[in-house]
Structures are given as structure tokens and as C-alpha cells.
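As C-alpha cells, the structure follows; a few thoughts come after it.
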Amino acid sequence: MATPNIKEITTLDEWQAHVASLPKATLLVIFFYAPWAAPCTQMGSVLNALAEEYAKEGSPATSWVSINAEEIVDVSETYDVVAVPYVILQRNDQVLETISGSNPAVVRKAVEKHAPKDGMTNGHEPAGETLPEEEKLTPEEELNKKLRGLVNAADVMLFMKGTPGDPQCGFSRQMVGILRERSVKYGFFNILADDDVRQGLKVFADWPTYPQLWVSGELVGGLDIVKEELENDPDYFKKYSVPKTQTASAA
């Protein structure tokens, strides 16, 4: 995802060379995206603006790169990327923090935490101000919070076995085909890569199987339900689609 302030990594060799060239103190911000996933466009804009801020003289040393998660699979697998957008903060080959989803405030807070500017302590608030302690959540509450964020990560969100480029079951493959045929902008989550999400979402959604399709934070259902919706209303996905001329490269 080319932006003025973020370097697009297109090959494994280029990735390895870039990481090797960084000084140990530099914060590396890695943005994994997919060109067909609408939330990635928003996140790309957010990161580009942040990168521009950190390019100013006197700012902490940072490096910003973007990687197509489906094109450079070796790197995606190294970082266990199971959904996009996905942001990783790394310094001296050590992962400091990961952010899944498209919440700009969370990303900014994380970057400022690990690369604080003048007048900030740990990247949160100006020195002298005290933040209230966050209420500690139980593991179940933490999981439900994560699930709520995931189902709202995109207007159309697909929880599937595998990825759109490599579905791991026939039903997931058919669902991807339905969405792509209609040029639907959607996000995805590979439930095979996170068993907590895989099992937790069944309870959260009260739906025992995958794939699951969510629209505007509400469960539509599995493949059969989606097919029924389209039989009843062929334009069911129209408001979430883009002209095919804009999505041909992502098909």
C-alpha cells in the first residue's frame, strides 16, 4: 500500500535487507494489509500521517513499512498475521506490541508509548498529568472485548478457515467467492490461527460453525444463510461493494 511516508516492501530479500539496515534504537512500524480490505485503507492513512509527524526534526528514530500479507507469506507467517489490518511495533528484532484492527487511537497510543516525543512520559500524557488506572478485566471479559473489536473491524467481516488467498475448507472458499464476485469490501480473520477466538466466537455469536459472516457488527450467519439472503435480495451486498474497475486487481 504505497503512501508518501511508508516504504512498501515487495520481496522477502527487500524485507531482510531493510531490517538489517536499521540502527538498534530505531522503532520499526510494520503494517500488514490486503488491498481488498477496506479498513486497511483507513489504517494506511492513519499510519502515513503518523509517519509524517515522526519525520520531523527532533523526533525519535522510526521506520515505517507496509507489507501485503498475502504476497509475502513468509513474513506474514513469521509474525502470525491472521487478520488485516495488523500493525507490529519492533525494535532491535524484538516485537514490542501488536495491534489488530483499525482503531487509530490505539495505534497512535502504541507508537507514542514506544517512541515518546518531548513532553510525553511512556507515550501517554504530558508529564505531570496522571491517568486513572484501567479496570482489570477477567480473561472472559478480555476475550469478549477482543471479539467485539474483531466483529466490528470492518463493515463486512468474514471469520473463516484459512485466508482469502488460501481457504482451508470448501465453505470458506465459496464464501470468499461470493464476496469477490460482488466486489464486496471486507475484512477477514483466520480462526485456525487463534483457538481462543475460534472457540470464543462460537459462544459470543451463539453460532457453532465456520465460516461466519458479520455485517455492521451483527451476525448474518454461515454460507447457507448468506445464499438465502442473496436469493431474497440480489442487492444484499450492494452498499458494501465498489465498482469492479477498482477491485479488478484484488480479484
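The values are calculated or read from the model by the stated rules, or taken from the named source; none is laboratory data. Keep in mind that this is a model prediction, so the values were computed, not measured. Cβ: placed from backbone, ideal geometry, glycine included. Neighbour counts: every protein chain shown. Side chains are part of the model used for accessible areas, which takes the heavy atoms of the whole protein and leaves out ligands, DNA and RNA. Shrake-Rupley method; radii C 1.70, N 1.55, O 1.52, S 1.80 Å.
Just a few scattered comments:
- In terms of its C-alpha gyration tensor, the stretch 1-41 has a prolate overall shape, because the principal axis ratio a/c (a ≥ b ≥ c, square roots of the eigenvalues) is not below 1.5 and a/b outweighs b/c.
- Among L201, L22, L158: highest mean-square fluctuation, GNM of the chain, C-alpha pairs under 10 Å: L22
- The share of accessible area on the chain that comes from carbon and sulfur is 48 percent, using a 1.4 angstrom probe.
- Where N is the number of residues in the stretch 165-228, Cα Rg divided by 2.2 N^0.38 Å: 1.08
- DSSP-defined antiparallel bridges as percent of all bridges, the stretch 18-95, nearest 5: 55
- Net charge, K161 excluded, C-beta distance under 11 Å - Lys, Arg +1, Asp, Glu -1: +1
- Most mobile of T26, T163, T78 in a GNM of the chain (Cα contacts under 10 Å): T78
- Highest-fluctuation residue, N144, N232, N190 considered, GNM on the chain with Cα pairs under 10 Å: N232
- Separation of the S216 and R198 label points, Cα + 7 Å toward Cβ, nm: 3.2
- Zero-based 10 Å bins, Cα pair distances in the stretch 142-251, whole percents: 15, 50, 30, 5, 0
- Counting DSSP beta bridges with both ends in the chain, the antiparallel % (nearest 5): 65
- Global form of the stretch 27-100, assessed from the alpha-carbon gyration tensor, a/c cut-off 1.5: oblate
- The stretch 9-60: GluC sites (Glu not before Pro) in DSSP coil with no more than 14 other Cβ atoms inside 10 Å: E57
- Near F188, the amide H atoms lying under 5 Å from its own belong to V84, L158; only residues 5 or more places off or on other chains count, and H is placed 1.01 Å from N.
- Surface/4 estimate of mean projected area, convex hull on alpha-carbon atoms of the chain, nm²: 14.8
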